1. So residue 299 clears everything in (1) in contact with a helix residue (DSSP H, G or I) (Cβ under 9 Å, 6 or more places away or on another chain); (2) closer than 19 Å to residue 163 by Cβ except one condition, right? Which one?
2. Scan segment 144-157 for residues that are outside any helix (DSSP H, G or I) and surrounded by fewer than 17 Cβ atoms within 10 Å (Cβ to Cβ) and jot them down.
3. I need a count of the residues in segment 276-295 that are touching a strand residue (DSSP E or B) at 6+ places or on another chain (Cβ under 8 Å) and in a helix (DSSP H, G or I).
4. Can you name the condition, by its number, that residue 483 falls short on among (1) over 22 Å from residue 28 (Cβ atoms); (2) touching a strand residue (DSSP E or B) at 6+ places or on another chain (Cβ under 8 Å); (3) at pLDDT 95 or above; (4) assigned to a helix (DSSP H, G or I)?
5. May I ask you to list the residues in segment 415-429 that are surrounded by 15 or more Cβ atoms within 10 Å (Cβ to Cβ) and out of contact with any helix residue (DSSP H, G or I) (no Cβ under 6 Å at 6 or more places or on another chain)?
6. Please find, within segment 270-295, the residue that is farthest from residue 387 (Cα to Cα) out of those that are buried (at least 17 other Cβ atoms within 10 Å of the Cβ) and within 25 Å of the chain's Cα centre (by Cα).
7. Go through (1) touching a helix residue (DSSP H, G or I) at 6+ places or on another chain (Cβ under 6 Å); (2) exposed (fewer than 15 other Cβ atoms within 10 Å of the Cβ) one by one and return the number of the condition residue 267 breaks.
8. Quickly run through segment 135-151 and pick out the residues that are farther than 14 Å from residue 82 by Cα and in contact with a helix residue (DSSP H, G or I) (Cβ under 6 Å, 6 or more places away or on another chain).
């Protein structure tokens, strides 16, 4: 049964609304019979429309053995369908099946046996390479992008995060039907040709990351901080899983998560909502609803013990102090965000439907540690409330020229934490961050792509209205709130301290 909800809200007039202390969004909303949500934000004027499709799936929906698959899947969604990216589907599919058979034999020989036959692997790989070369005759490279460009499309892109995956394009308003045709085709008929070569591309991305100074240490810090929840691994995944991931894994993952009842499409621009809803019913409506997608099962348990990590390498010497905090939407998230802004002077907004505070520049830490005491080159604080977990992080780089060590910064930060637990912060500091947060929020909504991203991603989890509720929660934060959350979360048994020392290039 189709449900239509039209919100009689004022048209978004950002500057005036911010000044009045009331921000509203003119969002029209429809849920198709198969569970897919369609959102429209009319913006008459320039005849363009930003079209985003979001899926409620990211690296937290993976499991050991297939980590990184959400990101690989994002790549594969550009490899075509039965009607896109190929000149002769039947001939291509026949070759693809033969490639899969050979690759399955290679995988079994390489990864299933403790003593696989190297000569057999070489021979099988030669056969797979020959079949792959033959398949290229039927592949139309960049077919999707070429079609969009011929129709005035720009900004075709995609991204995968821990919690969601998005596909983006901007088109003339009269070409939105093309976007729906192609995105519905990708949802229903994705065909994962060139799977093995594209997996190699992702593995090369992983290698490039590993060669970046400090990357492996940062990855280990994240894995140690999140002991149980699937935030434990990076979006890129573990290399072993990337190597052993199969096309069968990919097909199963796609069928489980890339379904209409796990998706939101949003259109921002010079369009009429009723027209968009009719087109959505035509193209997305016939796609069958999939099984309901269960939220992740494993939450992060209480830590109960202080954690410390030490690493060294080519990256600059640094300190990180991380604390577990509650997820977005929790009453404590807003005070922690404001506190991060005060300490780090960021007070920004971003991510998946919730404000985030942090940064450097004019915050307390920068003022005390960098300018007054001259103990640090930089010092900052950052808060990120995510869908299922949150994290508050302090970071700093010590003045090595003055003999300062990361542990010296650690003591200074703990001293400031204890001051805040007792005395809190000033009213002027709180108001400054509230003003900055409001301004950044309004600014982010003044761009069609930013508006589509904020509203679309928020709808996936707590509903798009949560971005307004979170902004309002920041405006209601008091000094007592800040003292309370400092006492509650900034304790040793809830912390991980990571000390990294540069050992080359001094």
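The values are calculated or read from the model by the stated rules, or taken from the named source; none is laboratory data. All values reported here derive from a predicted model rather than from experimental measurement. Note that each Cβ is placed from the backbone with ideal geometry, even for glycine, and that neighbours are counted across all protein chains shown.
1. For residue 299, the failing item is (1).
2. Of everything in segment 144-157, those that are outside any helix (DSSP H, G or I) and surrounded by fewer than 17 Cβ atoms within 10 Å (Cβ to Cβ) turn out to be 151, 152, 154, 155, 157.
3. Here is the first cut: in segment 276-295, the ones touching a strand residue (DSSP E or B) at 6+ places or on another chain (Cβ under 8 Å) are 276-277, 280, 284.
Narrowing further to those that are in a helix (DSSP H, G or I): 276-277, 280.
Residues flagged as touching a strand residue (DSSP E or B) at 6+ places or on another chain (Cβ under 8 Å) and in a helix (DSSP H, G or I) within segment 276-295 amount to 3.
4. (2)
5. At the first step, the residues of segment 415-429 found to be surrounded by 15 or more Cβ atoms within 10 Å (Cβ to Cβ) are 416-417, 420-421, 424-425, 429.
Residues satisfying the conditions are 416, 417.
6. 284
7. Result: residue 267 fails condition (2) only.
8. Matches in segment 135-151: 135, 151.
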